[in-house]
Amino acid sequence: MKSKITGGETSLLFTAKILNKYDIKYYKCLETGFIQTEEPYWLDEAYSEAITKLDIGLVSRNEELREVTAGIIESSFNGDAKFIDYAGGYGIFTRMMRDKGYDFYHHDNYCKNIFAEFFDLSDCNQKNDFELVSAFEVLEHLANPLEEIEKIASLGKNMLVTTMIQPEHLESIDDWWYFIPETGQHISFYTLKALEYIAKELGMYLTSNGTNMHLFTKEKLTKSPFESKKEPYLIGKMRRKVSRYDLEHMKSRESLISKDWQMIRSKIIS
């Protein structure tokens, strides 16, 4: 089987049971270490529900990502621009970012937008060239990662993603919790070398915290927003320290709750 990152050779890593019923082969890219499953014929079954029952960290993860993303925007990007959350699920993150004063929009082809209704990509007068595209816990779901990441990146100037970097010495499905074979949704697993390869293919620069957060930018950053300070921010279950931004130095932003409420009310009563 050819690598879905480089198109080069892979080696069989192991076979494991997915969805408690299918024996599936996992392959490793010889050049980058990227791990992929065999062609995922079980995805329709795996996505009978877009949000798996095992994703009980959904709310806490969005709370953590709101704070980190706000800090990254203020340190490296134009906070007054428009942003989009790709594969944003129920719209929780988009709503949280709007509550914080950032003009975020939502996009997800497979999950109902509950919390950010009226702020979907279809509602925005801007369809691409967003200042930043966020795609959290998306990359590990991609059947054709290089092609699909290119599509995500085409929406904006920069891209912030989360996905766990592989630990060393993976020899079986039991060696890493992130495989999550019970759901059948995680089918692509990255190394930093694989992400660097993708960034090069996209003509972008990669900045990573080395564990779970990765920033693709059109321009090379002079300083990493992930650099540790005296009071590092703990990323929930990933247990990764990233820099805590200083609230007193951030631009004070007015929440968009009131403006959004007025706009939605006008649409409902019209």
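Listed here are the residues, each with its yes/no results for (1) under 15 Å from THR162 (Cβ atoms); (2) modelled with pLDDT under 90.
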site: ILE187; (1), (2): no, no
site: LEU202; (1), (2): no, no
site: HIS214; (1), (2): yes, no
site: LYS223; (1), (2): no, no
site: SER228; (1), (2): no, yes
site: GLU231; (1), (2): no, yes
site: GLU248; (1), (2): no, yes
site: TRP261; (1), (2): no, yes
site: ARG265; (1), (2): no, yes
Considering only residues that are open to solvent by 30 Å² or more (accessible area, probe 1.4 Å) and in contact (Cβ under 8 Å) with a residue 24 or more places away in the chain, look in the range 149-175 and name the one that is nearest to ALA16 (Cα to Cα).
ILE173
Criterion first (open to solvent by 20 Å² or more (accessible area, probe 1.4 Å), in contact (Cβ under 8 Å) with a residue 24 or more places away in the chain and in contact with a His (Cβ under 9 Å, 6 or more places away or on another chain)) does ILE187 satisfy it?
no
Condition met for VAL59 (β-branched (Val, Ile, Thr), farther than 16 Å from ILE152 by Cβ and open to solvent by 60 Å² or more (accessible area, probe 1.4 Å))
yes
Picking from SER48, SER134, which residue would you name as being of a type in the set (Ser, Thr, Tyr), outside any helix (DSSP H, G or I) and open to solvent by less than 20 Å² (accessible area, probe 1.4 Å)?
SER134
Can you tell me which residue in the range 73-112 is surrounded by the fewest Cβ atoms within 10 Å (Cβ to Cβ), limited to those that are aromatic (Phe, Trp, Tyr) and under 16 Å from the mean Cα position of the chain (by Cα)?
TYR110
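The values are calculated or read from the model by the stated rules, or taken from the named source; none is laboratory data. Computed from a prediction, not measured in an experiment: that's the story for all the values here. Here the Cβ is made from the backbone with ideal geometry for all residues, glycine too, and neighbour counts use every protein chain on show. Only protein heavy atoms, including side chains, enter the accessible area calculation; ligands, DNA and RNA are left aside. Shrake-Rupley method; radii C 1.70, N 1.55, O 1.52, S 1.80 Å.
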